[in-house]
1. Within the group 235, 265, which residue is surrounded by 22 or more Cβ atoms within 10 Å (Cβ to Cβ) and not basic (Lys, Arg)?
2. Report yes if residue 282 is aliphatic (A, V, I, L, M) and either touching a Lys or Arg at 6+ places or on another chain (Cβ under 8 Å) or at positive phi (or both), otherwise no.
3. Within segment 130-140, is even one residue assigned to a strand (DSSP E or B), in contact (Cβ under 8 Å) with a residue 40 or more places away in the chain and open to solvent by less than 50 Å² (accessible area, probe 1.4 Å)?
4. Name the pairs: first residue in segment 328-342 and surrounded by 15 or more Cβ atoms within 10 Å (Cβ to Cβ), second residue among the β-branched types (Val, Ile, Thr) and not in a loop (DSSP other than H, G, I, E, B), Cβ to Cβ under 8 Å, at least 6 apart or on different chains?
5. Restricting to segment 355-381, give me the number of residues that are assigned to a helix (DSSP H, G or I) and more than 22 Å from the chain's Cα centre (by Cα).
6. For residue 31, indicate whether it is assigned to a helix (DSSP H, G or I) and open to solvent by 20 Å² or more (accessible area, probe 1.4 Å).
7. How many residues does segment 82-105 hold that are of a type in the set (S, T, N, Q) and at pLDDT below 90?
8. Could you count how many residues in segment 355-375 are under 19 Å from residue 286 (Cα atoms) and surrounded by fewer than 17 Cβ atoms within 10 Å (Cβ to Cβ)?
Amino acid sequence: TSWCCPGTGGAGPGVAGDRPCPHSHPRTCMKCGQGTAALVIRVGDPFCRSCFREYFVHKFRAMLGKNRVIFPGEKVLLAVSGGPASSAMVRQVQEGLSREAAKRLRFVPGLVYVEEGAVRRQSPEQREQSLAQMETLLKATGFPYYLIHLEEALELPPSILQPGPERTSTPGPSGPSYKEAVDSFIQQQRQDGDTGTSLPGHSSQDTAAGPSATPRLPDAAQTQELLRSFEAAGTATAREELLEMLRTHLIMQTARDRGYTKVMTGESLTRVAIKLLTNLSLGRGAFLAVDTGFTDQRHGDVMVVRPMRDYTAKEIAFYNRFFSVPTVIVPPLFTKRREKPSIHQLVERFLLGLQEEFPSTISTVYRTGEKLSPEPAKASSESQRCLLCLCGLDTIGGEWGGHWGAQGDLGSSCAPLSDPLALTEEELALEPTLILEEPAAG
């Protein structure tokens, strides 16, 4: 019996008692035709547990295999937040590297977790507890892991505001092709007598923290300085953008310091669709392809990869529930008293509300983002590059590009603001005009 009615958002796993949907009835798995369906992914796709697992694993491998951006033996840093999507991503990598996997993944993984308790209004005791919980989960994977605090962003070098030099190991005129890299890797394994049980470059020396070296919380002075920066941000939207920027900078710096060439993040299809509309609302329409695409190469020497962007939040939730993937609940970013919600929150509520009535809403938004090109985000020179997001300044968008853009807030576009008085009469005629109804005479 399905836990979720076809065509609706459904209650999903975690409902009290996990009761079957009252409107559902036993159905046969569409793939094997024998097992009883445990869930319905889309309107007409019932899956049993084993077939759902195969489907989930295949989608992850197919996403990496189709794009061919991660080379054998390459060091890949997995950004883990403890949420459902990043936790499911780690499980996929674990299974892909196991000896039982039919098509083994060939890269060298590492994990990084950014502790953000200070800006989420957690007490020192709560931060210590969350950190210990995350460390236990990371240690259980057997991969090298790095625990860093958001306060460390205050000590980042100025070089983080510039893209690093591109590496020659990427496919292209100056680098080997994917097939050549795979052949070379397999040949090297045979020469070394590798039986497939070890990975190159994977050593215990990469582990940043061990059982006797649990990282302490930063000094109170650092925490207060970080909080002052967030309180200075005028709106909830600006704080959301500031948090994402600092988190990205920390992950990028960790990858560079530890020799990782790729960073995997766990944005789901649902999250990508929300981010697409959010960034459009923030004036970042020119950069949607790099902000939501499978690859993001704006940082130069470190490429960001989003392998979970084909999974809906519902699929991830069921996978974690069925196969006992541990997750950690993170409190939301703090808000000031009587403050309006951020644009991020409003867009999320709007999209999820529409999804309940129109089940194809999120997938439609996601497919629209697939048609976008990353070219507008490239900077023609250093002077035309935004210091915060490293994208090109949105100054070549045609007639309107120079007039609409940044309003001095982190939650807006990277375009410089022009003088409103410089608008021509024809441009002013196109301005939205508020028409007030005049009271009827008499």
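1. Working: 235 fails: surrounded by 22 or more Cβ atoms within 10 Å (Cβ to Cβ).
That would be 265, the only listed residue that is surrounded by 22 or more Cβ atoms within 10 Å (Cβ to Cβ) and not basic (Lys, Arg).
2. Answer is no for this residue.
3. No, every residue in segment 130-140 fails to be assigned to a strand (DSSP E or B), in contact (Cβ under 8 Å) with a residue 40 or more places away in the chain and open to solvent by less than 50 Å² (accessible area, probe 1.4 Å).
4. Cβ pairs passing all conditions: 333/119; 334/119; 342/237.
5. 2
6. Against the criterion (assigned to a helix (DSSP H, G or I) and open to solvent by 20 Å² or more (accessible area, probe 1.4 Å)), residue 31 does not qualify.
7. Number of matching residues: 1.
8. Selection size over segment 355-375: 6.
The values are calculated or read from the model by the stated rules, or taken from the named source; none is laboratory data. These figures come from a predicted structure and were not determined experimentally. Note that each Cβ is placed from the backbone with ideal geometry, even for glycine, and that neighbours are counted across all protein chains shown. Just the protein is used for accessible areas: all its heavy atoms, side chains included, with ligands, DNA and RNA removed. Shrake-Rupley method; radii C 1.70, N 1.55, O 1.52, S 1.80 Å.
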